[in-house]
Amino acid sequence: MHNADTRAKVGSAVMDPQLTDHFVLPDRPDKPEEACGVFAVLASDQPVANLTYFGLYALQHRGQESAGIAVFEQGTGQAGGPKVRMHKDMGLVSQVFDQGVLERLPGQLAIGHNRYSTTGSSKACNAQPVLLNTRLGPFAFAHNGNLVNAAELRQAIASDIPEVEFTSTTDSELIAFAIQHAVNEGLGWDAAIRAAAARCRGAFSLVIGTPEGLFALRDGHGIRPLVFGHMGEPSAAQWVVSSETCGLDIIGASFDGDVEPGEIIHFRLGDPNPQRSRWISEPTKLCVFEMIYFARPDSRFFGESLYSYRVRIGEVLARETPVEADIVIGVPDSGIPAAIGYSQWSGIPFGDGLIKNRYVGRTFIQPTQAMREAGIRVKLNPLPDVLAGKRVVVIDDSIVRGTTSRKLVAAIRDAGATEVHMRISSPPVTHPCFYGIDTDTQDQLIAARLKIGRAHV
């Protein structure tokens, strides 16, 4: 049985004690926020935990609340099966892991996860990977996305497994229990994963470590990205799966392709030919915010870097919304490529008008109201030397509620700008997203309440 005590052994699985219980969530930011990053390595004679650490480090932008790694060591568990060791905790990858922890995670298969909470609160019990035992042995599970039928799936799981003990409030745990139930009902790993996926509606990119190797799966629409590649020669069958290509790059892995929407891939240790097949066919619907905001600019989508894609967006903005101005600035970091594109097309010089504090993550210490009213600037500060007396075009990636944009324009005017023209590289956010983006209710979305128009600020 799965034990609610995370410090207990689960089959042949062992997990380090948790260090924290919970964090207090800050005020909601005026930006869309993504759910998670997943990473996995299957390789013999490689420090898979260390490689996964660096992969998660590259994917840190996708989630900063918690991090975790589970590692399978073949032939050391019960009845000659794998032993699974896991360590996960609240915080950044560099805070959760050190070399001592990584050395206690030997093995051939690693599953890693960075989390930002959309479904489920920000608590240690909701950190991933999820580790469960079955009649075929233990498995480790990591999920990026969000289910829209989580409530009904939870009820169904409770009916299927009357003795179930939910240890988290996440939809990810529900998918894991669905896999566990299917295996315990007599299915093999591949069939069980397919059966569990068929019960899910929403966005889910999954990596699953099992005694039979590594599985990677994407929902039928392909809403969240998932790619795979190899280390060394292809014949060595050293496989890597990552939310983005930047996770492959950091460990020197070669990019092989996307896990296609509706595809399941089974990677086996020592097998240079992974088993690829469709589990469902649906229209492809990749999230536009992956292209504009979430994913790192050096990650590759559809054969090109997102940096190049975002530069082209800026060129389109310049064609569609020209303006007479003296300087183009981007809101760091995600607005800068579009600002460069706007500058190149329009001929208006590009400059650095905003300085970002790059050491600010998700802060759990909030300014007092008096500090907010005084205009405390934790993340961005304008440069009066650059902006004073200038007509400024500001390029940002998105507007959600509009509160940050209003303060940003005011700060640029306070720095001496004579005009401020704002351009946004994303489509208007008019509706909440239920597929792994943390957005407000519709009445809080500025584009749902106001018409799009041109204004002089």
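The table for this structure:
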{"item": "Environment charge of ALA237, counting only residues whose C-beta is closer than 10 Å and scoring Lys/Arg +1, Asp/Glu -1", "result": "-1"}
{"item": "Packing-based exposure ordering (other Cβ within 10 Å, fewest first) of VAL331, VAL241, VAL41", "result": "VAL331, VAL241, VAL41"}
{"item": "Residue-wise HN-Hα coupling along region 241-256, computed from phi with Karplus coefficients 6.51, -1.76, 1.60 (Hz; x: Gly, Pro)", "result": "10, 8, 4, 9, 5, 4, x, 6, 4, 5, 10, x, 7, 8, 7, 9"}
{"item": "Amide proton proximity set for GLY270, modelled H, under 5 Å, gap of 5+", "result": "none"}
{"item": "Linear extension gain, ASP256 paired with GLN60, 0.36 nm per residue minus alpha-carbon span", "result": "68.3 nm"}
{"item": "Sites matching trypsin sites (Lys or Arg not before Pro) across region 269-317 that sit in DSSP coil, with at most 16 neighbouring C-beta atoms within 10 Å", "result": "LYS285"}
{"item": "At R0 = 41 Å, FRET efficiency that the Cβ-Cβ distance of LYS356 and GLU165 yields, to 0.05", "result": "0.40"}
{"item": "Volume of the Cα convex hull of region 91-164, divided per residue and given in Å³", "result": "134"}
{"item": "Per-residue ³J(HN,Hα) for region 158-172, Karplus 6.51 cos²θ - 1.76 cosθ + 1.60, θ = phi - 60°, Hz, x for Gly and Pro", "result": "4, 6, 5, 10, x, 8, 4, 10, 5, 10, 9, 10, 9, 6, 4"}
{"item": "Among GLY257, ALA176, GLY213 the positive-end extreme of the charge dipole of region 13-286 (Cβ point charges)", "result": "ALA176"}
{"item": "Mean separation of Cα contacts under 8 Å, 6 or more apart, over the residue count of region 56-115: relative contact order %", "result": "48"}
{"item": "Per-residue ³J(HN,Hα) for region 84-89, Karplus 6.51 cos²θ - 1.76 cosθ + 1.60, θ = phi - 60°, Hz, x for Gly and Pro", "result": "10, 10, 9, 9, 8, 6"}
{"item": "Footprinting exposure proxy for LYS83, LYS451, LYS407 (fewest neighbouring C-beta atoms within 10 Å first)", "result": "LYS451, LYS407, LYS83"}
{"item": "Long-range amide H partners of CYS36 with built H, under 5 Å", "result": "TYR116, GLY145"}
{"item": "Relative exposure of THR404, THR210, THR167, judged by other C-beta atoms within 10 Å (fewest first)", "result": "THR167, THR404, THR210"}
{"item": "Histogram of C-alpha separations across region 13-286, 10 Å bin width, %", "result": "7, 33, 40, 18, 2, 0"}
{"item": "Contour excess over end-to-end distance, with Cα ends at ALA151 and ILE280 and 0.36 nm allotted per residue", "result": "44.2 nm"}
{"item": "Built amide H within the under 5 Å cut-off of LEU132, gap 5+", "result": "PHE139"}
{"item": "Mean separation of Cα contacts under 8 Å (6+ apart) over length of region 13-286, as relative contact order %", "result": "20"}
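Each reported figure results from applying straightforward, stated rules to the coordinates on display, with no laboratory input. Source: prediction; values computed, not measured. Ideal geometry is used to build each Cβ from the backbone, glycine not excepted, and the neighbour counts take in all protein chains shown.
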